[in-house]
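One structure is given here, and the rest of the page talks about it.
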Amino acid sequence: MFGKLALGAVIAALGFTGPAAAAELMAGVYAHDVAFLGAAIGSGAADREKGADFELGIRSDRIEALSLIGAPQAHAFVSVNTDNTSNFVAVGLSWPIRMGDTFYFRPGLGLAYTDGKAGLPPVNAPGLTPAEIQRRLALYQSRIDFGSHLLFEPELALGMHITPRLSAELSWVHISNGEVFHHGKNQGLDDAGVRVIYALGASGR
């Protein structure tokens, strides 16, 4: 199921670009559920889940048909957690903003789908056995409750061109429902890490 969603995300990103081909491949390593970022934005679940995330994805060339909103690039990627907790796929748009010839800033926004927890069972439900209460408490202490499997995916990156084809980015990715896809539970996931970008053809600079 998750593999089909990942493939669908890639196809969707390429289809959205129309005739534009994939311009860049992305590969990254991230710290999963970063504590200091979650605390800063009040996601309410920082540092519950462990492990690292490996990200693989693609970006289109800049979409000139969307020049009214700055000709963004479409992206699609899959993020896999080493502890097999909250994996996700995401599709969206990002805007490279040049900061001279070497550096650039890249904000982005998209949608994600996670196979993580969405709706943990209540601990205070009547009639629970002590063992079941402890099981549910352990879930609350070790898993993010996203409230919804469908989530928003904002991201920020600071990038550096190393060669005409190779770039590196310091990257932050956040997923949460934003009280839109679900009301009452809005715990989120913050990933921070480094990704490498390889330009296949026309650069997205």
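Structure notes:
- Matching residues, the range 86-119, being free of Cβ contacts under 8 Å to residues at least 40 places away in the same chain and either touching a Gly at 6+ places or on another chain (Cβ under 8 Å) or of a type outside the set (D, E, K, R) (or both): L93, W95, I97, M99, G100
- Residue match in the range 174-181 (condition: part of a strand (DSSP E or B), in contact with a strand residue (DSSP E or B) (Cβ under 8 Å, 6 or more places away or on another chain), small (G, A, S) and under 22 Å from E24 (Cβ atoms)): no
- Any hit, the range 176-184, residues being closer than 20 Å to E49 by Cα, out of contact with any Leu (no Cβ under 6 Å at 6 or more places or on another chain) and among the β-branched types (V, I, T): no
- Residue check, H149 under 24 Å from the mean Cα position of the chain (by Cα) and without any contact (Cβ under 8 Å) to a residue 40 or more places away in the chain: yes
- Residues (at pLDDT below 70, among the β-branched types (V, I, T) and surrounded by 14 or more Cβ atoms within 10 Å (Cβ to Cβ)) located in the range 16-61: T17
- Annotation for the range 120-129: no member residue is touching a strand residue (DSSP E or B) at 6+ places or on another chain (Cβ under 7 Å) and in contact (Cβ under 8 Å) with a residue 40 or more places away in the chain.
- Looking across the range 159-170 at every residue that is in a strand (DSSP E or B) and out of contact with any Asp or Glu (no Cβ under 7 Å at 6 or more places or on another chain), the one that is nearest to G193 (Cα to Cα) is identified as L170.
- Looking across the range 99-124 at every residue that is part of a loop (DSSP other than H, G, I, E, B) and over 13 Å from L139 (Cβ atoms), the one that is farthest from the chain's Cα centre (by Cα) is identified as N124.
- Failed item, numbered, when I69 is tested on (1) under 16 Å from L109 (Cα atoms); (2) surrounded by 21 or more Cβ atoms within 10 Å (Cβ to Cβ); (3) modelled with pLDDT of 85 or more: (2)
The values are calculated or read from the model by the stated rules, or taken from the named source; none is laboratory data. None of the values given here were measured: they were computed from a predicted structure. Please note: Cβ atoms are built from the backbone with ideal geometry, for glycine as well, and neighbour counts cover all protein chains shown.
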